[in-house]
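The values are calculated or read from the model by the stated rules, or taken from the named source; none is laboratory data. The shown structure was predicted, so the numbers you read here are calculated from the model rather than taken from an experiment. As a convention, Cβ positions derive from the backbone with ideal geometry for all residues, glycine included, and neighbour counts pool all protein chains shown. The protein model used for the area step is the full one, side chains on, heavy atoms only, and it has no ligands, DNA or RNA in it. Shrake-Rupley method; radii C 1.70, N 1.55, O 1.52, S 1.80 Å.
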Amino acid sequence: MSLSKMRKLKLSMIVDHGVLILGSLFMILPLVMLLQMTTIPDTEIIKTGPTLKIGDQFDDNLYKAMFEASGFAGENSGLSMLKNSLILGIGFAVGKILIGMLAAYAIVYFRLRFATLAFWLIFTTLLLPLEVRILPSYEVVQWLGMLNTYQGLIIPLIASATATFFFRQFFRSVPEELVEAARIDGAGPVKFFIDILMPLSKTMIAAMFIIMFVYGWNQYLWPTMITTDEDMYTLVRGIKQIVQVLEGAVVPEYGRSNVLALVAVIPPVLVVVFFQSWFVKGLTESDK
Amino acid sequence: MAQVQFNSITKTYPNGFEALKPTNFTIKEGEFAVLVGPSGCGKSTLLRMVAGLEDITAGDLSIGTRVVNHVDPADRDIAMVFQNYALYPHMTVRKNIGYGLKNRGTAKSEIARKVDEAAAMLNLTPYLESKPSQLSGGQRQRVAMGRAIVRDPALFLFDEPLSNLDAKLRNQMRIEIKALQRRLGVTSIYVTHDQVEAMTMADRIIVMNEGRVEQIGTPAQVYHNPATTFVASFMGAPPMNLLPAVVDGGQVMLEGVSFGPAPHRGKVIAGIRPEDFSPDPEGDLTIHVDLVEELGAHRLLHGKLGEEAVTVHVANESVAQTGPLRVGVKPDALCLFDAVEGNRI
């Protein structure tokens, strides 16, 4: 390799890495700032904001955030909010995947009248996100007596045009002969779905789970409307609750809410990290 | 084992396309029947109707003594081998072969025994725990075969099972499939567009064209006595030479040479297999050879007889060169066809 070539290579490598490092910093710095602010007393945050100083308050804040109740009734500790968030995120993702798969299964594999029409009707619901139909949805949930329940949190959001669409596209790419071979092998519709289609969709399910879990985890508006009991609060909304306690001269518990914010980031990150390897494997391994 | 009876079987698609005109024939017990024809001739449709994957528009289909028009594919006691193998990609070879048995509620130990037996028969034993993606094309084909034989069905259906393999493997698998069918004695219907496969494997060939059966017969019958010009030109490589001739005064006249008596009058088509010409200095016909195709064991001479293109098949010891060549025609080698309908006279 000639000298000039080497220099060129080095320069391009430096630029590449520079871009990557800048991007990483851009994403990570806010979290680092949050972490720093959990280590100093709340009064100091008000006075100075984020600094480079690392204090000794982290343990205290962590304990307060996770185990001590906050709010009016004293029922929402960080742990219970974490639990609620997990139930919402997982219930949301699993439900959406299951319903999306079943809907797509019906549309693709069964000769239904108006199957195409049904599909496009489902598809057009993409134009009607929750925010548009929030009042009627609330009305229905309220009428069904599902306020302050997990069902009320999850079920009204569970129908998913996106998941239906993705699974429909995927099912259509499954070779016809596989269905026919299964029919001759004596697999009925249920067996075919469980024995063949589900395992084949593994990577699709992983991808959908990432998207839907994060989506469900980050829900804010809907839980705010549906849950009024403090023991039903999710993390995302509990954080807000803590900072809101601004009565007279009381300093908001910034340290505590910052810990909660960090805790709220961890599960989606874990989900993405865990399923991503699976997801990528599914995309690169080209045996269907 | 069972015979398969087609009784006025018809297939019309909802858009009005008639994929299969009323068809009658019977496949005998233990027979290896090959459906052959160009793409779109209805042969796959016919096979899929036997499998129960395609509805029958009219007519009765019976397997054994039972009319199966409305019987579910799983209950027809058939097994099918698909062109692209249709193996379940997420299952091991063992599970692929045993899946049909499992769905029928066969006991686990019984499944294991039968799968081992089938795998041994097909030399698949070392691969039982592999996934289909780790196997070669020929091995996948064998797994598909294993899936069929493990169920011990009354009828095997093959839908162009060898067309995804390379030529060498195809020859080998052809022999293996035929030998296996002989050993098991199971009635089989085999669909292919490759006339070589049809000739070499079939007990009886069913030649199809445009939704109709053109001819049913043994490979020798179909080859030497084609019922129509379509069969004559489809079977055999190179195909039969089809030359315009006239019957004049009770004699077939081709290029001004008489080829014996014929009852017909007027224009006809004379069919002569390339190997039925023989180079002969005393021969009646002169062919102008344009091209010599060397095939090792023999040669093909492409040329013109009058205005018509002809192919002559000669042994490799005879001299071959371009230019005029006098040839004779073996006695009784001429097949006469109606000039308009293409039917045998």
Self-check item: Test set (1) of a type in the set (S, T, N, Q); (2) open to solvent by 30 Å² or more (accessible area, probe 1.4 Å); (3) assigned by TED's automatic domain parsing to the domain that holds B:Val252; (4) within 24 Å of B:Val252 (Cβ to Cβ) - B:Gln321 fails condition number
Solution: (4)
Self-check item: A:Gly55 being surrounded by 11 or more Cβ atoms within 10 Å (Cβ to Cβ), over 26 Å from the mean Cα position of the chain (by Cα) and at pLDDT below 80
Solution: no
Quiz item: more than 12 Å from chain A (Cβ to nearest Cβ), touching a helix residue (DSSP H, G or I) at 6+ places or on another chain (Cβ under 6 Å) and buried (at least 22 other Cβ atoms within 10 Å of the Cβ) - does that describe any residue in the stretch B:87-99?
Solution: yes
Exercise. Assess whether B:Leu291 counts as being part of a strand (DSSP E or B), surrounded by fewer than 12 Cβ atoms within 10 Å (Cβ to Cβ) and either touching a residue at least 24 places away in the same chain (Cβ under 8 Å) or not aromatic (Phe, Trp, Tyr) (or both).
Key: yes
Quiz item: Which residues, taken from the stretch B:150-195, are within 19 Å of B:Ala120 (Cβ to Cβ), free of Cβ contacts under 8 Å to residues at least 60 places away in the same chain and not charged (D, E, K, R)?
Solution: B:Val150, B:Gln172, B:Met173, B:Ile175, B:Ile177, B:Ala179, B:Leu180, B:Leu184
Practice problem: Pairs only if they're at least six apart or on different chains, beta carbon under 8 angstrom, first in the stretch A:156-182 and more than 14 Å from chain B (Cβ to nearest Cβ) and closer than 30 Å to B:Thr45 by Cα, second in a helix (DSSP H, G or I) and open to solvent by 50 Å² or more (accessible area, probe 1.4 Å); list them, first residue then second. | Solution: A:Phe171/A:Tyr109
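For (1) buried (at least 17 other Cβ atoms within 10 Å of the Cβ); (2) of a type in the set (Ser, Thr, Tyr); (3) within 14 Å of the chain's Cα centre (by Cα), each residue gets a yes or a no:
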residue: B:Ala198; (1), (2), (3): yes, no, yes
residue: B:Ile206; (1), (2), (3): yes, no, yes
residue: B:Ala220; (1), (2), (3): no, no, yes
residue: B:Phe234; (1), (2), (3): yes, no, yes
residue: B:Asn241; (1), (2), (3): yes, no, no
residue: B:Phe259; (1), (2), (3): yes, no, no
residue: B:Arg265; (1), (2), (3): no, no, no
Exercise. Please give the helices (runs of 4 or more DSSP H) falling wholly within the stretch A:131-209 in which 2 or more residues are open to solvent by 80 Å² or more (accessible area, probe 1.4 Å) and out of contact with any Phe, Trp or Tyr (no Cβ under 9 Å at 6 or more places or on another chain).
Key: A:134-143, A:161-173
Quiz item: Taking the stretch B:44-61 as the region of interest, how many residues are closer than 17 Å to B:Pro14 by Cα, within 14 Å of chain A (Cβ to nearest Cβ) and not in a helix (DSSP H, G or I)?
Solution: 3
Quiz item: Which one is farthest from B:Pro244 (Cα to Cα) among residues in the stretch B:304-327 that are outside any strand (DSSP E or B) and among the small types (Gly, Ala, Ser)?
Solution: B:Ser318
Self-check item: Search result, residues across the stretch B:161-184 that are open to solvent by 20 Å² or more (accessible area, probe 1.4 Å) and part of a loop (DSSP other than H, G, I, E, B)
Solution: B:Ser163, B:Asn164, B:Asp166
Quiz prompt | Criterion violated by B:Ile272 - all others in (1) buried (at least 21 other Cβ atoms within 10 Å of the Cβ); (2) touching a Pro at 6+ places or on another chain (Cβ under 9 Å); (3) hydrophobic (A, V, I, L, M, F, W, C) satisfied | solution = (2)
Quiz item: Across the stretch B:122-149, which residue is farthest from the other protein chains (Cβ to nearest Cβ) among those that are open to solvent by 60 Å² or more (accessible area, probe 1.4 Å) and assigned to a helix (DSSP H, G or I)?
Solution: B:Thr125
Quiz item: Given the structure, is B:Asn69 touching a residue at least 12 places away in the same chain (Cβ under 8 Å), more than 12 Å from every other protein chain (Cβ to nearest Cβ), farther than 14 Å from A:Arg183 by Cα and of a type outside the set (A, V, I, L, M)?
Solution: yes
